[in-house]
1. Rank-order 415-423, 199-207 by packing density, defined as the average count of other C-beta atoms within 10 Å over each peptide's residues, highest first.
2. Work out, step by step, the length gained on full extension between Glu210 and Tyr371: first 0.36 nm times the residue separation, then minus their alpha carbon distance; give nm to one decimal.
3. Amide H of Val523: which non-local residues (sequence gap of 5 or more, or other chain) have their own amide H closer than 5 Å, using H built in the peptide plane?
4. At a 1.4 Å probe, what is the % contribution of carbon and sulfur to the accessible area of the chain?
5. Length gain on complete extension for the stretch Arg500 to Gln442, per 0.36 nm per residue less the alpha carbon to alpha carbon distance?
6. Before rounding to the nearest 500, sum -39500 (n - 2.57) across all DSSP H runs of length at least 4 in the chain and divide by the residue total; then give [θ] at 222 nm in deg cm²/dmol.
7. How many angstrom separate the Cα center of the stretch 198-257 from the Cα center of the stretch 50-92?
8. Which lysines, on any chain, are close to Lys230 with Cα under 19 Å apart, when same-chain ones fewer than 8 places away are left out?
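The values are calculated or read from the model by the stated rules, or taken from the named source; none is laboratory data. Computed from a prediction, not measured in an experiment: that's the story for all the values here. Because the Cβ atoms are built from the backbone with ideal geometry, glycine has one as well, and the counts that use them run over all protein chains shown. Heavy atoms of the whole protein, side chains included, go into the accessibility calculation; ligands, DNA and RNA do not. Shrake-Rupley method; radii C 1.70, N 1.55, O 1.52, S 1.80 Å.
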Amino acid sequence: MDSIRKALRLLTPRERRRLIPLLAGIVIMGILQVAGIGSFAPFVAVVADPSIVETQPILNRIYTELGFDSHFAFLVFLGAGAFAVMLFDAAFRILVTYGLHRYAGNRRYMMGLRLFRQYLYQPYGYFLDHNTSELSKNLLSEVDQVINGVVKPALHIFAELFSAAAILVFLLVVNPYVALASAVVFGAIYAALTFGIRPLVRHYGKEVREANRLRYKSSSEAFGAIKDVKILGKEPAFARKYGEGAKRFAKTQAAKRMLSTLPVKIMKPLSMGFAIALILVLLAVYGSVVEALPLVAIYALAVQRLMPHLRGLFRHGTTIRYYSHTVDSLYNDMTSTPPPPAEKDRKLAERAVERMPFRSTVELRGVSFAYPTSPAPVLDTINLLIEKNTTVGFVGTTGCGKTTLVDVIMCLLEPSAGEILVDGAPIAEVGRWQRNFGYVPQHIYLSDDSVAANIAFGIPEELRDQGAVEKAARVANLHDFVVGELPDGYQTTVGERGIRFSGGQRQRVGIARALYHDPDILVMDEATSALDTVTEDAVMDAIHNLMHTKTIILIAHRITTVRECDKICMLERGRMVAEGDYSTLLAENETFRSLAKV
Ligand SMILES: Nc1ncnc2c1ncn2[C@@H]1O[C@H](COP(=O)(O)OP(=O)(O)O)[C@@H](O)[C@H]1O
Ligand SMILES: [Mg+2]
């Protein structure tokens, strides 16, 4: 019940409302089925004893009103009637089942999309302490499991429950004693099996989640670092790791299948025994076959119809219990994180990418920051003033906090103390402030798409500005290479993660990407560190051309890279230890001198 409730809460109110016609269809389906069984009764009764047409008032009325003159013709009519009702029942059942699958299919799509959005709109910090392969797995396989493992079975359970209840009510009307006896017998068997199996099913459900996580993790790790895997010859280790997960997954699947069919296997002989006992009891009570026959026939038909429903109840109940862990985790992900903006706001955001005005200064006042995973501050009371259209360099040893500092300036990370002021005022809307930046990371992520698409990243082809693409590529020193050496020019695909490009070429695509939007502030986070000095000089010349028309933040470990900066800031273990232009620092700072020598 808890899993079903959670699954229902994962649906939007509108989706829950859409359930109503479906449930109504299921109710009608149950009634139709009983009508099918009931319509069989008069036929059997007349077969067993034709004289009943004269004695039974309702039958007699139909017989005379419709003007039948032979018992056989009447029998054909009754038989055809029963057949028609059952055909209609079957057709309706097919329709409702189709509706059910369609509903589940659409929910799978919508729920997946909702979850993807939910993840995507989380602040940057969320992705620092979540494994991205786990997020992908949730998106691809767990949404499916919630739909196929809980939403669909829950609908089926409702259908089975209602159909079974309708049959039982019908039997109750026909003969309360027999109905009560069947309800007690079947109910007891059901309860015993369910409670006996439940803990096992829960255990295997947990196990399957863990195994699935292992499978995904090991495969994405191996493919993600394929070069290291090859060089180190670690294929067997990763294959073993994947194999462990896959084997556990397979084992639990087998156990689950066995458990879900176990009740059916037990129920089959028991229900046959019950039917035999029932026939014997009816015979003993009525004394003759002819009198017992209609009742026996109806019970036989009803029980035969009841069995699949009970079986369905077991099967779907087991399935839900098996996937309850998945619902829990998806439910937690959906409810423990802030929701994405409403559709209205998203549409607005897509249209208006208006930048927050930046007129004179960005100022950091006493900014400190610590990552949630470790208490030690990575930035320690940083004070810094960046004037518009100047170039500022950050230098310092690896791990001193340079990347973290620009992440804070770009509002990807929220400082734990201190404040950031733009033109003297706090930043009101983070999104609009971020639009001012062009960011070139140390390692560029290229998507398996054309060079042009990678430069105009995230922009649909029809909105791409080829002029801007080429302009950015020229500044990044990439244009000649693209036009001169690539087979399809800007349309050449770069391969998965840019595998067909060299490190230097990838970096230059990244620089062009940052420049495409003509940002006010360009941040280069060791963006040229992977380039050889000749290429780096060429790129830096291009960057120098932008100096004093743009605000530029350069992070570098080579001092020569920041030589031309208006201001160089030296960081040491999260503290600002020196600040000044190149010659001042060279003259005044011992550490800077030693760094400059390298
Ligand atoms: N996601 C993270 N979680 C915890 N600690 C981190 C994280 N990212 C970086 N750090 C730590 O913060 C410090 C500064 O890192 P970083 O800003 O990347 O340094 P730099 O760019 O100067 O090399 C390092 O000691 C690093 O270990
Ligand atoms: Mg860094």
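1. Details: 415-423: 15.8, 199-207: 17.3.
Result, highest mean first: 199-207, 415-423.
2. Numbers: separation 161, 0.36 × 161 = 57.96 nm, distance 2.75 nm.
Result for the pair: 55.2 nm of gain on full extension.
3. When sequence neighbours closer than 5 places are left aside, the close amide H contacts are Gly438, Tyr439, Val440, Ile553.
4. Taking all protein chains in place, the chain shows 61 percent carbon and sulfur surface.
5. Numbers: separation 58, 0.36 × 58 = 20.88 nm, distance 1.81 nm.
Between Arg500 and Gln442, full extension yields 19.1 nm more.
6. Details: 24 runs with 386 residues, N = 598.
Calculated mean residue ellipticity at 222 nm is -21500 deg cm²/dmol.
7. What the calculation gives is 62 Å, centre to centre.
8. In chain and number order, the partners are Lys217, Lys241.
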